[in-house]
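The values are calculated or read from the model by the stated rules, or taken from the named source; none is laboratory data. The shown structure was predicted, so the numbers you read here are calculated from the model rather than taken from an experiment. Keep in mind that these areas ignore ligands, DNA and RNA; they rest on the heavy atoms of the full protein, side chains included. Shrake-Rupley method; radii C 1.70, N 1.55, O 1.52, S 1.80 Å.
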Amino acid sequence: TSTRVFRDKVNLRMEGTSVISGSDVVDLSGDAPLQVDISDALSEKDKVKFTVHTRTGMAGFQKSEFSVIRLHEDFIWLHDVIQENIDYAGFIIPPKPPHPDFDASREKLQRLGEAESGQLTKEEFNKMKQELEAEYLATFKKTVAQHEVFLQRLASHPNLKNDRNLHVFLEYEAELCVRSKNTKEKLAGIFSSFQKSGDELLLSNTQKDVDDFFENEKHYLLEYNQQLKDACIKSDKMTSTHKALSDNYIKLSACLLDIATLENSNLESFLTKLSDTFEKMRRIEGRVANDQDLKLSDCLRYHMRDTNAAKDLLYRRLRCLANYEKANKELDMARARNKDVAIAENRQHEACTTFEELSGTAQSELKMQKERRVAHFQKSLQELAELEVKHAKAHAQMLRQTINAIKTEV
(Lines give C-alpha, C1' and ligand atoms only; values in the text may rest on other atoms or scores of the structure.)
Protein backbone atom coordinates (compact mmCIF):
# COMPACT_ATOMS: atom_id res chain seq x y z
CA THR A 1 0.00 0.00 0.00
CA SER A 2 0.99 3.64 -0.32
CA THR A 3 1.79 4.05 3.38
CA ARG A 4 3.72 0.83 3.74
CA VAL A 5 7.06 2.59 4.18
CA PHE A 6 5.65 4.17 7.35
CA ARG A 7 3.85 1.15 8.78
CA ASP A 8 6.92 -1.02 8.45
CA LYS A 9 10.09 -0.38 10.36
CA VAL A 10 12.52 1.81 8.45
CA ASN A 11 16.15 1.15 9.33
CA LEU A 12 18.68 3.89 8.62
CA ARG A 13 22.32 3.48 9.57
CA MET A 14 24.33 6.62 10.27
CA GLU A 15 28.05 6.67 9.61
CA GLY A 16 29.98 8.67 12.21
CA THR A 17 29.19 12.36 11.97
CA SER A 18 28.51 12.45 8.24
CA VAL A 19 25.10 14.07 8.79
CA ILE A 20 25.01 16.99 11.23
CA SER A 21 22.03 19.32 11.47
CA GLY A 22 22.56 22.89 12.63
CA SER A 23 24.95 22.02 15.40
CA ASP A 24 28.50 21.93 16.62
CA VAL A 25 30.45 19.09 15.09
CA VAL A 26 32.46 17.07 17.59
CA ASP A 27 35.30 15.12 16.03
CA LEU A 28 34.83 11.48 16.92
CA SER A 29 38.13 10.43 15.40
CA GLY A 30 40.29 12.27 17.94
CA ASP A 31 41.44 11.46 21.47
CA ALA A 32 38.53 13.03 23.37
CA PRO A 33 37.95 11.28 26.73
CA LEU A 34 34.24 10.81 25.96
CA GLN A 35 33.14 10.16 22.37
CA VAL A 36 29.43 9.68 21.64
CA ASP A 37 27.55 9.05 18.40
CA ILE A 38 24.25 7.53 17.28
CA SER A 39 25.37 4.48 15.34
CA ASP A 40 21.90 3.26 14.38
CA ALA A 41 18.26 4.35 14.52
CA LEU A 42 14.99 2.52 13.99
CA SER A 43 11.87 4.44 13.02
CA GLU A 44 8.51 2.97 13.98
CA LYS A 45 5.04 4.42 13.60
CA ASP A 46 4.93 6.31 16.91
CA LYS A 47 8.55 6.44 18.06
CA VAL A 48 12.21 6.36 17.06
CA LYS A 49 14.71 4.08 18.79
CA PHE A 50 18.24 5.52 18.85
CA THR A 51 21.29 3.31 19.37
CA VAL A 52 23.73 5.48 21.35
CA HIS A 53 27.32 4.30 20.99
CA THR A 54 30.00 5.47 23.44
CA ARG A 55 33.78 5.18 23.54
CA THR A 56 35.59 6.52 26.59
CA GLY A 57 38.73 6.40 28.67
CA MET A 58 37.14 8.08 31.69
CA ALA A 59 37.36 6.29 35.04
CA GLY A 60 33.68 6.70 35.88
CA PHE A 61 32.56 4.04 33.38
CA GLN A 62 32.69 0.25 33.75
CA LYS A 63 33.62 -0.38 30.11
CA SER A 64 35.56 1.52 27.46
CA GLU A 65 32.98 0.94 24.70
CA PHE A 66 29.25 0.22 24.89
CA SER A 67 25.89 0.89 23.22
CA VAL A 68 22.35 1.41 24.56
CA ILE A 69 18.87 1.94 23.10
CA ARG A 70 17.19 5.26 23.93
CA LEU A 71 13.93 7.01 23.02
CA HIS A 72 13.26 10.71 22.49
CA GLU A 73 11.70 10.96 25.98
CA ASP A 74 15.01 9.80 27.45
CA PHE A 75 16.82 12.70 25.77
CA ILE A 76 14.27 15.17 27.16
CA TRP A 77 14.68 13.69 30.66
CA LEU A 78 18.47 14.10 30.43
CA HIS A 79 18.14 17.72 29.29
CA ASP A 80 15.68 18.57 32.08
CA VAL A 81 17.70 17.02 34.94
CA ILE A 82 20.83 18.82 33.78
CA GLN A 83 19.00 22.13 33.36
CA GLU A 84 17.44 21.83 36.83
CA ASN A 85 20.80 21.14 38.52
CA ILE A 86 21.79 24.32 40.40
CA ASP A 87 25.47 23.38 40.10
CA TYR A 88 25.17 24.07 36.36
CA ALA A 89 23.52 27.49 36.70
CA GLY A 90 26.56 29.19 35.17
CA PHE A 91 26.64 26.98 32.06
CA ILE A 92 24.84 27.27 28.74
CA ILE A 93 22.79 24.07 28.68
CA PRO A 94 22.69 22.61 25.13
CA PRO A 95 19.16 22.94 23.70
CA LYS A 96 17.07 19.77 23.78
CA PRO A 97 16.47 18.06 20.43
CA PRO A 98 13.07 18.71 18.80
CA HIS A 99 10.42 16.00 18.94
CA PRO A 100 10.53 13.68 15.89
CA ASP A 101 7.75 14.84 13.58
CA PHE A 102 6.93 12.68 10.58
CA ASP A 103 3.20 13.48 10.56
CA ALA A 104 3.41 15.85 7.58
CA SER A 105 5.17 13.26 5.41
CA ARG A 106 2.78 10.52 6.50
CA GLU A 107 -0.27 12.64 5.71
CA LYS A 108 1.08 13.58 2.28
CA LEU A 109 1.75 9.95 1.39
CA GLN A 110 -1.66 8.90 2.69
CA ARG A 111 -3.37 11.57 0.59
CA LEU A 112 -1.30 10.46 -2.37
CA GLY A 113 -2.56 6.90 -1.87
CA GLU A 114 -6.15 8.10 -1.75
CA ALA A 115 -5.64 10.02 -5.00
CA GLU A 116 -4.06 7.06 -6.75
CA SER A 117 -7.16 6.17 -8.71
CA GLY A 118 -8.22 8.59 -11.41
CA GLN A 119 -6.51 11.82 -10.38
CA LEU A 120 -2.90 10.90 -11.20
CA THR A 121 -1.28 8.85 -13.89
CA LYS A 122 0.71 5.82 -12.77
CA GLU A 123 3.99 7.47 -13.77
CA GLU A 124 3.15 10.69 -11.93
CA PHE A 125 1.99 8.76 -8.89
CA ASN A 126 5.21 6.72 -8.66
CA LYS A 127 7.39 9.81 -9.01
CA MET A 128 5.51 11.72 -6.32
CA LYS A 129 5.65 8.69 -4.05
CA GLN A 130 9.42 8.48 -4.47
CA GLU A 131 9.67 12.19 -3.72
CA LEU A 132 7.67 11.87 -0.50
CA GLU A 133 9.62 8.84 0.64
CA ALA A 134 12.85 10.77 0.04
CA GLU A 135 11.41 13.66 2.06
CA TYR A 136 10.56 11.29 4.90
CA LEU A 137 14.07 9.80 4.96
CA ALA A 138 15.62 13.30 4.89
CA THR A 139 13.52 14.25 7.92
CA PHE A 140 14.54 11.03 9.63
CA LYS A 141 18.25 11.69 9.06
CA LYS A 142 17.83 15.22 10.38
CA THR A 143 16.09 13.93 13.52
CA VAL A 144 18.92 11.49 14.21
CA ALA A 145 21.52 14.23 13.73
CA GLN A 146 19.74 16.64 16.10
CA HIS A 147 19.71 14.04 18.89
CA GLU A 148 23.32 13.11 18.22
CA VAL A 149 24.47 16.72 18.43
CA PHE A 150 22.79 17.21 21.82
CA LEU A 151 24.79 14.31 23.28
CA GLN A 152 28.03 15.44 21.65
CA ARG A 153 27.67 18.93 23.14
CA LEU A 154 27.34 17.39 26.59
CA ALA A 155 30.19 14.94 26.03
CA SER A 156 32.55 17.69 24.85
CA HIS A 157 31.80 20.07 27.74
CA PRO A 158 34.57 20.08 30.39
CA ASN A 159 32.07 19.93 33.29
CA LEU A 160 28.84 18.47 31.93
CA LYS A 161 30.63 15.36 30.65
CA ASN A 162 31.12 14.31 34.29
CA ASP A 163 27.40 14.48 35.12
CA ARG A 164 26.15 11.30 36.75
CA ASN A 165 22.82 11.36 34.92
CA LEU A 166 24.67 11.58 31.59
CA HIS A 167 26.70 8.51 32.56
CA VAL A 168 23.51 6.63 33.45
CA PHE A 169 21.95 7.64 30.14
CA LEU A 170 24.98 6.41 28.20
CA GLU A 171 25.79 3.23 30.13
CA TYR A 172 22.64 1.78 31.73
CA GLU A 173 21.70 -1.11 29.44
CA ALA A 174 18.03 -1.50 30.43
CA GLU A 175 15.27 0.93 29.50
CA LEU A 176 15.23 4.14 31.52
CA CYS A 177 11.42 3.93 31.71
CA VAL A 178 11.06 7.69 31.48
CA ARG A 179 7.38 8.54 31.26
CA SER A 180 5.92 11.58 29.57
CA LYS A 181 4.60 14.39 31.74
CA ASN A 182 0.98 14.04 32.80
CA THR A 183 -1.56 16.86 32.51
CA LYS A 184 -0.88 18.17 36.02
CA GLU A 185 2.87 18.33 35.40
CA LYS A 186 2.34 20.01 32.03
CA LEU A 187 0.12 22.66 33.64
CA ALA A 188 2.71 23.17 36.38
CA GLY A 189 5.35 23.60 33.68
CA ILE A 190 3.21 26.18 31.88
CA PHE A 191 2.65 28.16 35.10
CA SER A 192 6.35 27.92 35.90
CA SER A 193 7.17 29.24 32.44
CA PHE A 194 4.76 32.16 32.91
CA GLN A 195 6.29 32.90 36.30
CA LYS A 196 9.80 32.80 34.86
CA SER A 197 8.81 35.10 31.98
CA GLY A 198 7.21 37.56 34.39
CA ASP A 199 10.20 37.48 36.71
CA GLU A 200 12.55 37.95 33.77
CA LEU A 201 10.55 40.93 32.51
CA LEU A 202 10.48 42.46 36.00
CA LEU A 203 14.22 42.01 36.49
CA SER A 204 15.07 43.42 33.07
CA ASN A 205 13.11 46.59 33.87
CA THR A 206 14.07 47.05 37.52
CA GLN A 207 17.47 45.40 37.98
CA LYS A 208 20.43 47.34 36.57
CA ASP A 209 23.42 45.19 35.69
CA VAL A 210 26.67 46.39 37.23
CA ASP A 211 28.79 44.71 34.54
CA ASP A 212 28.95 46.32 31.08
CA PHE A 213 29.97 43.01 29.49
CA PHE A 214 26.76 41.26 30.50
CA GLU A 215 24.60 44.28 29.78
CA ASN A 216 26.02 44.43 26.24
CA GLU A 217 25.59 40.67 25.84
CA LYS A 218 21.93 40.91 26.81
CA HIS A 219 21.15 43.56 24.18
CA TYR A 220 23.23 41.71 21.59
CA LEU A 221 21.48 38.35 22.18
CA LEU A 222 18.02 39.90 22.05
CA GLU A 223 18.70 41.59 18.71
CA TYR A 224 20.64 38.63 17.32
CA ASN A 225 17.88 36.16 18.21
CA GLN A 226 15.31 38.29 16.39
CA GLN A 227 17.52 38.48 13.31
CA LEU A 228 17.96 34.70 13.40
CA LYS A 229 14.16 34.30 13.42
CA ASP A 230 13.77 36.61 10.42
CA ALA A 231 16.55 34.85 8.53
CA CYS A 232 15.04 31.44 9.32
CA ILE A 233 11.62 32.49 7.97
CA LYS A 234 13.21 33.69 4.73
CA SER A 235 15.31 30.54 4.45
CA ASP A 236 12.23 28.34 4.93
CA LYS A 237 10.41 30.26 2.18
CA MET A 238 13.33 29.73 -0.17
CA THR A 239 13.44 25.99 0.62
CA SER A 240 9.66 25.68 0.13
CA THR A 241 9.95 27.40 -3.26
CA HIS A 242 12.59 24.90 -4.38
CA LYS A 243 10.42 22.00 -3.19
CA ALA A 244 7.37 23.43 -5.01
CA LEU A 245 9.45 23.76 -8.18
CA SER A 246 10.57 20.16 -7.80
CA ASP A 247 6.92 19.04 -7.49
CA ASN A 248 6.01 21.00 -10.63
CA TYR A 249 8.76 19.22 -12.56
CA ILE A 250 7.05 15.92 -11.68
CA LYS A 251 3.79 17.06 -13.29
CA LEU A 252 5.54 18.48 -16.33
CA SER A 253 7.52 15.31 -16.85
CA ALA A 254 4.42 13.12 -16.54
CA CYS A 255 2.38 15.29 -18.93
CA LEU A 256 5.11 15.27 -21.57
CA LEU A 257 5.40 11.50 -21.28
CA ASP A 258 1.65 11.13 -21.75
CA ILE A 259 1.76 13.26 -24.90
CA ALA A 260 4.71 11.25 -26.19
CA THR A 261 2.78 7.98 -25.88
CA LEU A 262 -0.20 9.21 -27.90
CA GLU A 263 -0.80 7.50 -31.23
CA ASN A 264 0.63 9.06 -34.40
CA SER A 265 2.85 11.37 -32.43
CA ASN A 266 5.73 12.61 -34.54
CA LEU A 267 7.43 14.13 -31.50
CA GLU A 268 7.62 10.98 -29.39
CA SER A 269 11.43 10.85 -29.19
CA PHE A 270 11.75 14.59 -28.51
CA LEU A 271 9.03 14.64 -25.82
CA THR A 272 10.42 11.52 -24.14
CA LYS A 273 13.86 13.10 -23.85
CA LEU A 274 12.30 16.33 -22.58
CA SER A 275 10.32 14.35 -20.01
CA ASP A 276 13.50 12.63 -18.81
CA THR A 277 15.18 16.04 -18.59
CA PHE A 278 12.46 17.40 -16.30
CA GLU A 279 12.74 14.27 -14.16
CA LYS A 280 16.49 14.83 -13.76
CA MET A 281 15.88 18.51 -13.00
CA ARG A 282 13.36 17.42 -10.35
CA ARG A 283 15.97 15.28 -8.63
CA ILE A 284 18.55 18.06 -8.67
CA GLU A 285 16.02 20.62 -7.38
CA GLY A 286 15.01 18.23 -4.59
CA ARG A 287 18.63 17.83 -3.52
CA VAL A 288 19.09 21.61 -3.54
CA ALA A 289 16.03 22.03 -1.28
CA ASN A 290 17.22 19.33 1.14
CA ASP A 291 20.75 20.77 1.33
CA GLN A 292 19.45 24.29 1.97
CA ASP A 293 17.14 22.98 4.67
CA LEU A 294 19.94 21.01 6.34
CA LYS A 295 22.85 23.43 6.00
CA LEU A 296 21.07 26.77 6.34
CA SER A 297 17.55 26.57 7.81
CA ASP A 298 18.45 23.97 10.43
CA CYS A 299 21.64 25.82 11.25
CA LEU A 300 19.65 29.00 11.91
CA ARG A 301 17.03 27.13 13.95
CA TYR A 302 19.66 25.46 16.10
CA HIS A 303 21.38 28.74 16.94
CA MET A 304 18.01 30.29 17.75
CA ARG A 305 17.58 27.61 20.42
CA ASP A 306 21.20 27.98 21.54
CA THR A 307 20.78 31.75 21.82
CA ASN A 308 17.69 31.20 23.97
CA ALA A 309 19.81 28.98 26.22
CA ALA A 310 22.31 31.84 26.55
CA LYS A 311 19.46 34.23 27.41
CA ASP A 312 18.38 31.80 30.15
CA LEU A 313 21.92 31.94 31.53
CA LEU A 314 21.79 35.74 31.67
CA TYR A 315 18.44 35.53 33.46
CA ARG A 316 19.87 33.18 36.10
CA ARG A 317 22.79 35.54 36.64
CA LEU A 318 20.47 38.55 36.96
CA ARG A 319 18.41 36.63 39.51
CA CYS A 320 21.62 35.94 41.50
CA LEU A 321 22.48 39.65 41.32
CA ALA A 322 19.04 40.56 42.67
CA ASN A 323 19.48 38.03 45.50
CA TYR A 324 22.91 39.48 46.27
CA GLU A 325 21.60 43.05 46.48
CA LYS A 326 18.69 41.85 48.62
CA ALA A 327 21.17 40.17 50.98
CA ASN A 328 23.11 43.45 51.22
CA LYS A 329 19.97 45.34 52.20
CA GLU A 330 19.05 42.70 54.79
CA LEU A 331 22.55 42.94 56.26
CA ASP A 332 22.27 46.72 56.56
CA MET A 333 18.91 46.34 58.30
CA ALA A 334 20.29 43.69 60.66
CA ARG A 335 23.19 45.92 61.63
CA ALA A 336 20.85 48.88 62.14
CA ARG A 337 18.68 46.78 64.50
CA ASN A 338 21.75 45.00 65.91
CA LYS A 339 19.90 41.68 65.52
CA ASP A 340 20.82 38.47 63.66
CA VAL A 341 23.89 40.18 62.22
CA ALA A 342 25.93 36.96 61.92
CA ILE A 343 23.14 35.18 60.04
CA ALA A 344 22.73 38.12 57.65
CA GLU A 345 26.50 38.27 57.08
CA ASN A 346 26.59 34.57 56.19
CA ARG A 347 23.71 34.97 53.76
CA GLN A 348 25.34 38.00 52.18
CA HIS A 349 28.65 36.13 51.84
CA GLU A 350 26.95 33.11 50.24
CA ALA A 351 25.02 35.32 47.82
CA CYS A 352 28.19 37.22 46.91
CA THR A 353 30.18 34.01 46.33
CA THR A 354 27.39 32.47 44.22
CA PHE A 355 27.06 35.60 42.10
CA GLU A 356 30.80 36.01 41.50
CA GLU A 357 31.31 32.33 40.63
CA LEU A 358 28.34 32.30 38.30
CA SER A 359 29.47 35.52 36.62
CA GLY A 360 32.95 34.14 35.98
CA THR A 361 31.63 30.89 34.53
CA ALA A 362 28.96 32.67 32.46
CA GLN A 363 31.50 35.03 30.89
CA SER A 364 33.65 32.09 29.75
CA GLU A 365 30.58 30.22 28.45
CA LEU A 366 29.37 33.18 26.40
CA LYS A 367 32.78 33.67 24.83
CA MET A 368 33.01 29.96 23.97
CA GLN A 369 29.52 30.04 22.50
CA LYS A 370 30.44 32.92 20.20
CA GLU A 371 33.56 31.12 18.96
CA ARG A 372 31.58 27.89 18.48
CA ARG A 373 28.80 29.72 16.62
CA VAL A 374 31.17 31.51 14.23
CA ALA A 375 33.05 28.28 13.47
CA HIS A 376 29.84 26.38 12.81
CA PHE A 377 28.34 29.06 10.57
CA GLN A 378 31.56 29.18 8.56
CA LYS A 379 31.54 25.40 8.15
CA SER A 380 27.84 25.17 7.24
CA LEU A 381 27.91 28.03 4.74
CA GLN A 382 31.08 26.71 3.12
CA GLU A 383 29.53 23.26 2.75
CA LEU A 384 26.32 24.79 1.38
CA ALA A 385 28.24 26.85 -1.17
CA GLU A 386 30.15 23.75 -2.31
CA LEU A 387 26.92 21.80 -2.68
CA GLU A 388 25.25 24.65 -4.58
CA VAL A 389 28.17 24.76 -7.02
CA LYS A 390 28.03 20.98 -7.40
CA HIS A 391 24.30 21.01 -8.18
CA ALA A 392 24.64 23.97 -10.57
CA LYS A 393 27.36 22.13 -12.51
CA ALA A 394 25.23 18.97 -12.63
CA HIS A 395 22.27 21.03 -13.85
CA ALA A 396 24.29 22.70 -16.60
CA GLN A 397 25.87 19.41 -17.68
CA MET A 398 22.49 17.70 -17.84
CA LEU A 399 21.05 20.48 -20.03
CA ARG A 400 24.04 20.36 -22.37
CA GLN A 401 23.68 16.60 -22.77
CA THR A 402 19.96 16.94 -23.50
CA ILE A 403 20.53 19.63 -26.13
CA ASN A 404 23.24 17.54 -27.82
CA ALA A 405 20.99 14.45 -27.77
CA ILE A 406 18.15 16.38 -29.41
CA LYS A 407 20.47 17.88 -32.04
CA THR A 408 21.69 14.46 -33.10
CA GLU A 409 18.14 13.40 -33.95
CA VAL A 410 17.18 16.51 -35.87
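The gain in end-to-end length when the ALA392 to LYS370 segment is fully stretched comes to 4.7 nm, 0.36 nm per residue minus the alpha carbon separation. Here the extension length gained between LYS407 and GLN382 equals 5.2 nm, from 0.36 nm per residue of separation less the Cα-Cα distance. Residue order by solvent-accessible surface for TYR224, TYR136, TYR249 is TYR224, TYR249, TYR136, largest first, with ligands and nucleic acids left out and a 1.4 Å probe. Here's the list of lysines a cross-link from LYS251 could span, going by alpha-carbon distance under 17 Å and ignoring same-chain residues fewer than 8 apart: LYS108, LYS122, LYS127, LYS129, LYS243, LYS273, LYS280.
One decimal place: the segment ASN248-ARG337 gains 24.0 nm when fully extended, by the rule 0.36 nm per residue minus the C-alpha distance. For the cross-link pairs LYS229/LYS311; LYS208/LYS329; LYS141/LYS237, the ones whose C-alpha atoms lie over 19 Å apart are LYS141/LYS237. Go through LYS49/LYS370; LYS63/LYS161; LYS49/LYS234; LYS161/LYS379 and tell me which ones have a Cα-Cα distance over 28 Å in this structure. As for pairs spanning more than 28 Å Cα to Cα, those are LYS49/LYS370; LYS49/LYS234. Ordered from largest to smallest accessible area (heavy atoms of protein chains, 1.4 Å probe), the residues ASP306, ASP340 come out as ASP340, ASP306. With contacts taken as Cα pairs under 8 Å at a separation of at least 6 residues, segment 272-410 carries a relative contact order of 44 percent.
Assuming a ≥ b ≥ c are the square roots of the Cα gyration tensor eigenvalues, decide whether segment 263-410 counts as rounded (a/c under 1.5), prolate (otherwise, with a/b larger than b/c) or oblate. Judged from the Cα gyration tensor, segment 263-410 comes out prolate (a/c at least 1.5, a/b above b/c).
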